[in-house]
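So the structure is just underneath, and the comments pick up after that.
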Amino acid sequence: MNVVMIGAGYVGLVSGACFAEFGANVTCLDIDEGKVKALRNGVIPIYEPGLDDLVLRNVKSGRLQFSTQFHDWIGNADLVFIAVGTPSRRGDGHADLKYVYAAAIEIATHLQGYTVIVDKSTVPVGTAREVKNVIQQANPNADFDVASNPEFLREGSAINDFMRPDRVVLGVENERAANLLRELYRPLNLIEAPILVTDLESAEITKYAANAFLATKISFINEVAELCEKTGADVHAVAKGMGLDGRIGKKFLHAGPGYGGSCFPKDTLAMIRMSQEAGASSRIVEAVVAVNAAQKLRMVTKIEKALGGSVKNKTIAVLGLTFKPETDDMRDAPSLTILPALLEQGARIVAHDPEGMDEARNELPDTMEYGETIEEVVEGADAIVLMTEWNEYRGLDLKKLKSLMAGDVFVDLRNVYEGQQMEACGFKYSCVGR
C-alpha cells in the first residue's frame, strides 16, 4: 500500500514512520526543503522518544522516504493524509485552515487513480466536506473519497499511542474508503485495538470533544486545589478519592500550573468557536479556558508569596520550561505566562530544561538566563521553582542544592515532593493544593 503524508511535522512524521513500521510504503512530503534535507540526512527536527530510531529503521528498509516533489508521489498513492498545521487564527480563536486547503488543491492537481484523501490534522467540523469540494472544483474528473482520521498522540509517548491506541476513529462516507483505511490499520487487529467507523462530522468532533473533556478535568482539579489550599485539605488525597470512582478515573486529576501544548489550548478555543457558529452552548469549555488562564497567573502570585511578597532583585532558578516532560514543545507552556510576569517585576531568572532551552530562547524574553546543568542554575539562587516534572527533577540531591543556594525557598508547581521531606532538607516548601 502506498501512503503519502502531506506535512513532515509532528503528526505527519510520527504517523508516517508508524505506518511504514506497519509495512506501508510511505512518503512524507513537505514544502520546507531544509526540513526534508535534514530528514534525509537522519536529523529529526523534533524531540520525541524513540522517533529517531523508528525513522532510521524504516528509511533503511526503503519503506519511508522524504520529498518536496508532490507530483512524483501523489499519483501513485492509495491514501493521502493531510497532516499540516492548524494553528489558532488570530482574532477569533478558530483553527486556521489555509494550509489544509492549500494541500487539498495541490493534491487535486496530481490525482490519477482512486485515492482516499484523509484529514489527519485536527480540523473543525465540516472541513472534510469542504476539502472534498475544493478537490472536486480543482479536478472534476478525480476519482477519490475523503475521510477523517483524527490523531490522538500525546507528546512524549506518541509512538506507543500510535502502535497501541485506545481507539482508531475513521470518519468515512462509504465502505470503499473504510475498507482501504481498515487495511492500512490491519496490524492493530493483533492487539484488538478498537476501530470506530463513523461519519465525517462525528469523527471531526470526537477529537475536539476528547481534548476539551481532558482539559476540563485539569481545570477542575486546579480549582479544587485552590479550595484545598484555603481550607487546609490535600489535593492529592482529594484527587485519589475522586479517581477511585470508576466513572471518573484518576488520569488528568493532577493539580499544577495549568495545561499547555499544541492541542488543548487551540482545540478548546476552536470548539468554543465551532459552538458559537452553530448556535450551540459552550459554557463549560469557556469556563475551562478561563480557569486555565487564571491558574497560570495564580502561580505568579504563589511564587511572589513564597518569596515574601516580592520577587524584585531575587534570583529564581527554574527547573523545566516545556509544557510537559519528554518533549521540546514550548507551545502555550505555563512558563510562557509565568516567567515573563516575574521578569517584569524585577526577578532574575536562570532556567534549565533537558530538551526545551533552544526553543525557549525563541519564545521567552531576552533577559532570561540559562544553564546547562541543574547545579549551575541553582547556585546562588534565592528560590527554586519546579515548573515541569522531568524525571531528572524527581530525584534531586536536595541537600546539595540547598547548600548551593543563597536562599531556602522551593516552589513545587508539580507536587513532585513531600512537605516533610523538603522541610527536613532546610527548605521553605510551597506546592499546589496542599
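Of all the criteria given as (1) in a strand (DSSP E or B); (2) under 19 Å from the mean Cα position of the chain (by Cα), the one not satisfied by V4 is (2).
Taken as a whole, segment 297-309 holds at least one residue that is touching a residue at least 12 places away in the same chain (Cβ under 8 Å) and in contact with a Lys or Arg (Cβ under 8 Å, 6 or more places away or on another chain). Candidates are the residues of segment 353-368 that are outside any loop (DSSP other than H, G, I, E, B) and aliphatic (A, V, I, L, M); the one that is surrounded by the fewest Cβ atoms within 10 Å (Cβ to Cβ) is M357. When restricted to residues that are touching a strand residue (DSSP E or B) at 6+ places or on another chain (Cβ under 9 Å) and more than 30 Å from A212 (Cβ to Cβ), segment 275-307 contains 3. The residue that is surrounded by the most Cβ atoms within 10 Å (Cβ to Cβ), among those in segment 14-46 that are aliphatic (A, V, I, L, M) and within 13 Å of F81 (Cβ to Cβ), is A17. Among the residues in segment 103-117, are any under 30 Å from R57 (Cβ atoms), surrounded by 15 or more Cβ atoms within 10 Å (Cβ to Cβ) and free of Cβ contacts under 8 Å to residues at least 40 places away in the same chain? Checked against the condition, which is being under 30 Å from R57 (Cβ atoms), surrounded by 15 or more Cβ atoms within 10 Å (Cβ to Cβ) and free of Cβ contacts under 8 Å to residues at least 40 places away in the same chain, segment 103-117 yields at least one hit. Residues that are among the small types (G, A, S), closer than 15 Å to F220 by Cβ and surrounded by 15 or more Cβ atoms within 10 Å (Cβ to Cβ) within segment 248-293 comprise A255, G256, G258, listed in sequence order. Residues in segment 391-434 that are among the basic types (K, R) and in contact (Cβ under 8 Å) with a residue 24 or more places away in the chain: K399, K400, K402, R414, K428, R434. Within segment 32-58, residues that are touching a residue at least 12 places away in the same chain (Cβ under 8 Å) and assigned by TED's automatic domain parsing to the domain that holds I159 sit with their Cβ atoms under 9 Å from residues that are among the hydroxyl-bearing types (S, T, Y) and part of a helix (DSSP H, G or I), at 6+ positions apart or across chains, in these pairs: I46/Y10; E48/Y10. Check whether at least one residue in segment 41-53 is farther than 26 Å from M330 by Cβ and out of contact with any Gly (no Cβ under 7 Å at 6 or more places or on another chain), and report yes or no. No, there is no match, as no residue in segment 41-53 is farther than 26 Å from M330 by Cβ and out of contact with any Gly (no Cβ under 7 Å at 6 or more places or on another chain).
When T216, T198, T231 are checked against the criterion of being without any contact (Cβ under 8 Å) to a residue 40 or more places away in the chain, hydroxyl-bearing (S, T, Y) and within 30 Å of V385 (Cβ to Cβ), T231 stands alone in meeting it. Please determine, by comparing only the residues of segment 307-334 that are among the small types (G, A, S) and farther than 24 Å from T373 by Cα, which one is surrounded by the fewest Cβ atoms within 10 Å (Cβ to Cβ). Top of the filtered list is G309. Any residue in segment 327-346 that is over 30 Å from K266 (Cα atoms) and modelled with pLDDT of 95 or more? Yes, that holds for at least one residue.
The values are calculated or read from the model by the stated rules, or taken from the named source; none is laboratory data. None of the values given here were measured: they were computed from a predicted structure. Don't worry about glycine lacking a Cβ; one is built from the backbone with ideal geometry, like all the others, and counts go over all protein chains shown.
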